[in-house]
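Trainee: Have a look at the structure that comes next, please.
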Amino acid sequence: MLKSKSLLIIGFVWPEPKSSAAGKRMLQLIEFFLEKGYQITFASTAQNIEFSEDVTIMGVKAKTIELNSSTFDAFVKDLNPDIVLFDRFMVEEQFGWRVTENCPDALKILDTEDLHCLRQARQLAVKEKRDFILEDLFSDTAKREIASILRCDLSLMVSEFEIDLLQSEFKISKDILYYLPIFDQKLDPIPTYSERSDFVFIGNFLHEPNWDCVKYLDEVIWPKLHLKLPNAKLLIYGAYASQKVLELHKPKQNFYIMGRAENALNVVKKAKVVLAPIRFGAGIKGKLIEAMKCGTPSVTSSIGAEDMKGNLDWNGFIMDTPDDFVNAAVSLYQEENIWKQCQNNGFELLEKRYKKILFDKNFSNMINSLLENLKQHRKKNFIGSILQHNSLSSTKYMSKWIEEKKKN
């Protein structure tokens, strides 16, 4: 009997699929590998909190690990996984060298979630009240993130735009980049236009673009939209709302901070329109896929919809000026024919760009091919092997120094 292949996932946090798109993404990766017969261990240094998914129910082993500790070396050597998946580049920085030392033949996969250097560069431009330029990309974060991508055998990307950017600006080989978006499909049944009311925004407030979006809604968009539709409400949902978020609660202006949604889909499918004037960010936006799933048209920005629609029509409108954004929101809210057409656009997007069957077989074939031809694959990534050699030493001895210091 053939031995089952094993996968070790090292998580930045424990998955929270009800709180963030990143959590949903991680759960989908777990489900994919379980379906392929893998024995999975999920390890993290983070605290396993109340809203985390209990992965053990799925048959996944859970392990709490320590930073800068040789206990991980013994753990990973004993586990000897066929594949190690790092959840974001910061995790690969911490544990990648230990995996390389103890399990040199393990296939190393980086799940980027989004390009952090792109998101942070755009955030800086917004903060400085200027347009984003490509030169903003070349930051210390970019150096760390690109090095991590090069050290891994494969990096999973949710955005084809980001793949093109990595190839054109950072000269990353397409051989180590793989497009794998979040999967989804429409709900059935869903409320009709006449059964819905109000506008909604939903997003985890630990994610800075979401906080900026809510501030922008409060300060710029809603005052204009409220004048045009004085009876409509804007309901703001999101996990981990801080005091500064709660202080935006303004019932007299029909602007409501609702806190964590127990069931995000129930919230979104009851709304008439999703508002997401995202000013900076990267990757594809889980909240906008969720809107399509619920049959709820959305108004967003170019950055919000970036790389999400291909050559298809959007699930609503893409607007980058306040007045255009507000007028589009009013049109969707009041005109049922436009609303229905946009809803159908969203269903078509799900069917043609986010259906699991579009990616499942090809991704499985890619993983199997890499496992069978790992040495040849690594020979093509010589820059990665150089970085592995050089950065291994610096990261390794810094970690060992911290470990010794902790003993004193």
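Trainee: Mind checking which of 39, 178, 316 is farthest towards the positive end of the chain's charge dipole, using Cβ charges of +1 (Lys, Arg) and -1 (Asp, Glu) about the Cα centre?
Mentor: 39
Trainee: Compute the angle between helix 160-169 and the longest alpha-carbon principal axis of the chain, please, reported from 0 to 90 degrees and rounded to the nearest 10.
Mentor: Compared with the principal axis, the helix lies near 60 degrees.
Trainee: Which angle from 0 to 90°, rounded to the nearest 10, does the C-alpha axis of helix 89-102 make with the longest principal axis of the chain?
Mentor: Helix 89-102 sits roughly 20 degrees off the main axis of the chain.
Trainee: Sticking with this structure for a sec: Return the calculated 222 nm mean residue ellipticity for the chain, to the nearest 500 deg cm²/dmol, obtained by summing -39500 (n - 2.57) across DSSP H runs with n ≥ 4 and dividing by the residue count.
Mentor: After summing the helix terms and dividing by the residues of the chain, the value is -14000 deg cm²/dmol.
Trainee: Of the listed pairs 272/352; 63/380; 355/380, which have alpha-carbon separations greater than 30 Å here?
Mentor: 63/380; 355/380
Trainee: To continue, here is another question. Where Lys and Arg each count +1 and Asp and Glu each count -1, what net charge lies around residue 118 among other residues with Cβ under 11 Å from its Cβ?
Mentor: -4
Trainee: Highest first, please rank the peptides 63-70, 327-334 by the mean number of other Cβ atoms sitting within 10 Å of their residues.
Mentor: Ranking, from highest mean packing down: 327-334, 63-70.
Trainee: Which of the lysines could a cross-linker span from residue 244 if the Cα-Cα distance has to be under 21 Å and same-chain partners fewer than 8 positions apart are dropped?
Mentor: Answer for residue 244, where 21 Å is the Cα cut-off: 127, 215, 233, 252, listed by chain and number.
Trainee: Moving on to the next point. Provide the packing ranking of 228-238, 246-256, i.e. peptides ordered by the mean count of other C-beta atoms within 10 Å per residue, highest first.
Mentor: Most protected by this proxy first, the peptides run 228-238, 246-256.
Trainee: What's the angle, to the nearest 10 degrees (0 to 90), between helix 382-407's Cα axis and the longest principal axis of the chain?
Mentor: Long axis of 382-407 versus the principal axis of the chain: about 90 degrees.
Trainee: Which percent of the accessible heavy-atom area of the chain goes to carbon and sulfur, probe 1.4 angstrom?
Mentor: Solvent-exposed carbon and sulfur of the chain make up 51 percent of the total.
Trainee: Put +1 on the Cβ of each Lys and Arg and -1 on the Cβ of each Asp and Glu in the chain; which of 364, 147, 10 then has its Cα farthest toward the positive end of the dipole?
Mentor: 10
Trainee: What number, in percent, do you get for the relative contact order of the chain if the mean sequence gap of Cα pairs under 8 Å and at least 6 apart is divided by its residue count?
Mentor: 15 percent
Trainee: Sort the following peptides by mean Cβ neighbour count (other Cβ atoms within 10 Å, averaged over residues), highest first: 175-186, 274-285, 89-100, 39-50.
Mentor: Going by the mean number of other Cβ atoms within 10 Å, highest first, we get 274-285, 89-100, 175-186, 39-50.
Trainee: Less than 11 Å Cβ to Cβ from residue 351, Lys/Arg counted +1 and Asp/Glu -1: what total charge do the surrounding residues give?
Mentor: Surrounding charge for residue 351 is +2.
Trainee: Follow-up. So what does residue 198 come to for accessible area, using a 1.4 Å probe and Å² rounded to 10?
Mentor: Roughly 30 Å² of residue 198 is accessible to a 1.4 Å probe.
Trainee: All other residues with a Cβ under 12 Å from the Cβ of residue 299 taken together, and with Lys, Arg as +1 and Asp, Glu as -1, what is their net charge?
Mentor: Surrounding charge for residue 299 is -1.
The values are calculated or read from the model by the stated rules, or taken from the named source; none is laboratory data. All values reported here derive from a predicted model rather than from experimental measurement. With ideal geometry, Cβ positions are generated from the backbone for all residues, glycine too; neighbour counts draw on all protein chains shown. Remember, those area values only see protein heavy atoms, side chains included, never the ligands or the DNA or RNA. Shrake-Rupley method; radii C 1.70, N 1.55, O 1.52, S 1.80 Å.
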